[in-house]
Structure formats: structure tokens, C-alpha cells
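Q: Take a look at the following structure, please.
The values are calculated or read from the model by the stated rules, or taken from the named source; none is laboratory data. Everything numeric here is computed off the predicted structure, so don't read it as measured data. Here the Cβ is made from the backbone with ideal geometry for all residues, glycine too, and neighbour counts use every protein chain on show.
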Amino acid sequence: MTTSETAPIDRFDPNDEPLPFLNNFQDVFLSIGVIVFLVGIMILMTMTSSSIANETSAITAMAVMCAVVLAIVWWLSEILVRRRRRILPGIVLFIAFVQLCIGLYGSGFALIFGEETVSQFENGEYPGFDESVFEGAEPTDKNFRAAANMAVAAIPLMAKIFMLGLPLATLLASYFYYRRFKLPFSVAGVATAAIGLLIVSLFFAFPYDVVRFAPVVLLSSGLALLVAGIVYDMKDPERVTRFSGNGFWLHLFAAPLTLWGAMTISTQGLIVDFPALAEGNFTDFKNPFTVQQSIVTLCIIAVFGVISLLLNRRALVVSGLVTAGIAIGVIVQATGIGGAGVAAVTMICLGGGILLLGIGWNAARRALLSMVPSAGIWGRVFPRNEVDG
């Protein structure tokens, strides 16, 4: 006879958004082992390379060790990710794989084209970049654009190639890892690396405009990842295949970029007015810690909450918790409450809001979805899974 103690666990509700990075505690156990093992290898690599006096020999040794450890990481990925489908250890191995590929790229670039270019970047310097061109420029967009073009044009070609190669190496490493192991987390690596490569390329072509329109670039990057996540969600509205995992990570990476892009635009506008900044004019910049701007911030987060409900993805809401807490704190402080009372009331409001949204998630989704067409593309973008009430 089946009792409540022996009854099988119910299948997960898709509306609960299962986590696509943890199967069971074995994943945690294996991840700890992988991290400790790789950290030990990294320490050994650093000790070995630093003990070699000749710089070229040290870089060669580092490149060889990166290649050897890459082979080990790939072998472990074959066992843990491809065969046993261990997700959390796969994420750790993927991050190590990408970092090792970047290290191998940097070492190889230094050996072929000289270590001076790479070492300058490691020291926080930018070869050929001359900031002095901005000092004598009259604070106008035309002059600043010309100065930025001159400064970027002065960067040596090999330095530009090296900078472009960093996101490209990340993109290729992420792509090949995903092709082999179908790890959902690596899709986010592919997407973010592709955006990074595009931004670096645009920066070399239009340096001043890319920096000037930084709020738009930030928001556009987040929206691009968000759309990519929605595309994967449309392939798996029931959230049972790896496409759902792909969408989860894309939404998680998109959330902070989209939120902070929207927040930056609300405080600074679509562009950064460098001529005004150069003259000390900050009138167009709104203080993010005023009551009025805090209310705007909460309204933006509320819009993101509605989108999260429609998509049945909580990442957009989670990404705004810290910002929402700060905004609530500013509003609470304006009421005259001081000291620990501000923290207490803020945490009560923020925690209560999270609880209300979590408990009423399904009911709120039903209410919102009743206003959206259930057929066609909208029915696929906003899935209507069975809810538990």
C-alpha cells in the first residue's frame, strides 16, 4: 500500500522553472573535486613558469602546460558531461576550458608576434593609445570624435588583432564546446562572446560613437540575449529539453544588461554627453538616489516583472532585487525613518514583495495571459503551461 512517505515525487511543474545546472548532490560533490583539482594544476603551472628565467622559454612552457591541461579538461568533459550528463561539473569544466583557450591564445600570440604587446595589456597599458589628443581639444562632439579616431588609429595593428582575438577565441572555444557536449551554459558563452566581438569591432571603427552611445549599446546587448533566449523558449514551451536550459542561461545573462541599460538611459539619456562633462556640466545627469528617480527605477523593475511573468522566467526579476532594495531604501529614508529602521522596513517591503510574487506567480500569469492571444507566435512566445493554482 502506498503511503505519503513512499509515494513517488511528483513531476516538476514547468511553471516552477527548474534549475538547469543541478541534477543532485553528486553534481556538487564532483564540482568540488574538479575545482580543487584544477586549482592545484593552475598553481603548479604558475610556479613552473615563474621559475624559468628566460621569458620566451617561460611563455613556451606556459603554452605547453595550457595545451596539456586543455586535453585533461576535454577528457574530463567527455566522462562527466557527454557520458554522465553532469551539468554543474560541466559548467566548471567549460569555464576552465575557455580560460585555458584564452591563455593558449595569449601565449601563442606572444611567441609568434612578440611578448611586448601581450605584456603591455597585462600591465593595464594600451600600446599606441595617446590620451593627450583629448587635452587640447575644444569640448565639442566633432573635436572629441576626431581626437578619439586619432587615438585609436595610433594603436598598432598587432595590438588591435590581439584585442579582437580575445572575444574571438572565447567565441570559438564556447562554440566547439557546445557542439561537442551540448551544455546549455556554453550557449550563453557563445552569445556573450559574439556580442563582445561585435562591440570591439565597432569600437575600432567608430570609437567615439560606441562610447557615446554606451547606454544604447548596453541595452541593445541585453535585448539581443533576451530575444535569443525567447527563441529557445519557443522551441520548448514545456521546459523539458536542453533548449529550455539554453533559454535559461541566455535570460540570466540578458537580465542585468537589459536592466542596467534601461536604468542608465533613465538617468543619463540615450547618449553620454562628453562635451558637457568636459565643461563640468552635469545638469543632464539625474541623481539615481533621489525619491523621484527611485520611483522611476521601481517602475522599470515592475515592467521587467510583467515581462518575466509573461515569459515565465524569473531571471529578470532576480537581477533587479539589489536595485529595487536601494530604491525602496531611498524612498523609506525620505519618510523620516532613520538608522536601522530604514534597513528593516526596506527588507520587509522587498522580502514581502518577493513572497507575494512567488506565491501568486501562477495566478498573476493567468491574469496576464488572458490579455494575450493564445494562438500563433504569441502563444509560443508566452507559453500556457498547466498551472497548479
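Q: Of all the residues that make up the range 331-388, how many are polar (S, T, N, Q) and touching a Leu at 6+ places or on another chain (Cβ under 9 Å)? Walk me through it before giving the result.
A: Going through the range 331-388, the residues polar (S, T, N, Q) turn out to be 333, 335, 346, 362, 370, 374, 385.
Among the residues that remain, those that are also touching a Leu at 6+ places or on another chain (Cβ under 9 Å) are: none.
The qualifying residues number 0.
Q: Turning to a different aspect of this structure: Given the criteria surrounded by fewer than 18 Cβ atoms within 10 Å (Cβ to Cβ) and within 30 Å of Arg384 (Cβ to Cβ), does Val211 qualify?
A: Working: surrounded by fewer than 18 Cβ atoms within 10 Å (Cβ to Cβ): yes; within 30 Å of Arg384 (Cβ to Cβ): no.
It is false that Val211 is surrounded by fewer than 18 Cβ atoms within 10 Å (Cβ to Cβ) and within 30 Å of Arg384 (Cβ to Cβ).
Q: Assigned to a helix (DSSP H, G or I), closer than 27 Å to Gln26 by Cα and among the small types (Gly, Ala, Ser): which single residue out of Ala67, Ala96 fits that description? Step through it out loud before you land on a result.
A: Working: Ala67 fails: closer than 27 Å to Gln26 by Cα.
Exactly one of Ala67, Ala96 is assigned to a helix (DSSP H, G or I), closer than 27 Å to Gln26 by Cα and among the small types (Gly, Ala, Ser), namely Ala96.
Q: Filter the range 215-244 down to the residues that are at pLDDT 90 or above and of a type in the set (Gly, Ala, Ser) and list them by number.
A: Across the range 215-244, the qualifying residues are Ser220, Ser221, Gly222, Ala224, Ala228, Gly229.
Q: Residues of the range 276-327 being at pLDDT below 70 and part of a helix (DSSP H, G or I), which ones? Steps first, please.
A: From the range 276-327, those at pLDDT below 70 are 276-288; that's our starting set.
Result: Ala276, Leu277, Ala278.
Q: Turning to a different aspect of this structure: For a quick check of your reading of the model, give me the residue pairs whose first member lies in the range 300-327 and is free of Cβ contacts under 8 Å to residues at least 24 places away in the same chain, whose second is assigned to a helix (DSSP H, G or I), with beta-carbon atoms closer than 8 Å and at least 6 apart or on different chains.
A: Filtered contacts from the range 300-327: Ile307/Leu316; Ser308/Ala315; Ser308/Leu316; Ser308/Val317.
Q: Do you know which residues across the range 165-200 are outside any helix (DSSP H, G or I) and among the basic types (Lys, Arg)?
A: Lys182
Q: Determine if the range 106-118 includes at least one residue that is out of contact with any Cys (no Cβ under 9 Å at 6 or more places or on another chain), assigned to a loop (DSSP other than H, G, I, E, B) and either exposed (fewer than 14 other Cβ atoms within 10 Å of the Cβ) or modelled with pLDDT of 80 or more (or both).
A: Within the range 106-118, one or more residues are out of contact with any Cys (no Cβ under 9 Å at 6 or more places or on another chain), assigned to a loop (DSSP other than H, G, I, E, B) and either exposed (fewer than 14 other Cβ atoms within 10 Å of the Cβ) or modelled with pLDDT of 80 or more (or both).
Q: Phe94 - would you say it is more than 15 Å from Arg180 (Cα to Cα) and touching a Gly at 6+ places or on another chain (Cβ under 8 Å)? Let's see the steps before the verdict.
A: Details: more than 15 Å from Arg180 (Cα to Cα): no; touching a Gly at 6+ places or on another chain (Cβ under 8 Å): yes.
So Phe94 does not fit the description; no.
Q: Go through (1) touching a residue at least 12 places away in the same chain (Cβ under 8 Å); (2) surrounded by fewer than 22 Cβ atoms within 10 Å (Cβ to Cβ) and name the single condition Arg83 misses.
A: Among (1) touching a residue at least 12 places away in the same chain (Cβ under 8 Å); (2) surrounded by fewer than 22 Cβ atoms within 10 Å (Cβ to Cβ), the lone unmet condition for Arg83 is (1).
Q: Of the residues that make up the range 220-235, is at least one surrounded by 18 or more Cβ atoms within 10 Å (Cβ to Cβ), more than 27 Å from Leu172 (Cβ to Cβ) and among the charged types (D, E, K, R)?
A: No, the range 220-235 has no match at all.
Q: Take the conditions in contact (Cβ under 8 Å) with a residue 60 or more places away in the chain and within 30 Å of Gln293 (Cα to Cα) and apply them to Arg380. Does it pass?
A: Values: in contact (Cβ under 8 Å) with a residue 60 or more places away in the chain: yes; within 30 Å of Gln293 (Cα to Cα): no.
The answer is no for Arg380.
Q: Continuing with this model, one more query. Is the range 343-366 home to any residue that is over 29 Å from the mean Cα position of the chain (by Cα), at pLDDT 85 or above, within 19 Å of Phe289 (Cβ to Cβ) and surrounded by 12 or more Cβ atoms within 10 Å (Cβ to Cβ)?
A: Yes - at least one qualifying residue is present in the range 343-366.
Q: Continuing with the same structure: Of the residues that sit in the range 151-185 and are among the basic types (Lys, Arg) and crowded, with 16+ Cβ neighbours inside 10 Å, which one is farthest from the chain's Cα centre (by Cα)? Steps first, answer last, please.
A: Initially, the range 151-185 is screened for residues among the basic types (Lys, Arg), giving 160, 179-180, 182.
Within this subset, residues satisfying the condition of being crowded, with 16+ Cβ neighbours inside 10 Å are 160, 182.
Working: Lys160: 24, Lys182: 19 Å.
Among those that are among the basic types (Lys, Arg) and crowded, with 16+ Cβ neighbours inside 10 Å, it is Lys160.
Conditions tested, residue by residue: (1) at pLDDT 85 or above; (2) part of a helix (DSSP H, G or I).
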{"residue": "Phe21", "(1), (2)": "no, no"}
{"residue": "Val36", "(1), (2)": "yes, yes"}
{"residue": "Ile43", "(1), (2)": "yes, yes"}
{"residue": "Ser49", "(1), (2)": "no, yes"}
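Listed here are the residues, each with its yes/no results for (1) touching a residue at least 24 places away in the same chain (Cβ under 8 Å); (2) within 23 Å of Arg179 (Cα to Cα); (3) assigned to a helix (DSSP H, G or I).
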{"position": "Ser220", "(1), (2), (3)": "yes, no, yes"}
{"position": "Leu226", "(1), (2), (3)": "yes, yes, yes"}
{"position": "Ile230", "(1), (2), (3)": "yes, yes, yes"}
{"position": "Pro237", "(1), (2), (3)": "yes, yes, no"}
{"position": "Leu250", "(1), (2), (3)": "yes, yes, yes"}
{"position": "Ala255", "(1), (2), (3)": "yes, no, yes"}
{"position": "Thr258", "(1), (2), (3)": "yes, no, yes"}
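Q: Continuing with the same structure: Please verify whether Ile337 is assigned to a loop (DSSP other than H, G, I, E, B), without any contact (Cβ under 8 Å) to a residue 40 or more places away in the chain and of a type in the set (A, V, I, L, M), treating the condition exactly as stated. Break it down into steps so the answer makes sense when it comes.
A: On the way: assigned to a loop (DSSP other than H, G, I, E, B): yes; without any contact (Cβ under 8 Å) to a residue 40 or more places away in the chain: yes; of a type in the set (A, V, I, L, M): yes.
When the stated conditions are applied, Ile337 passes them.
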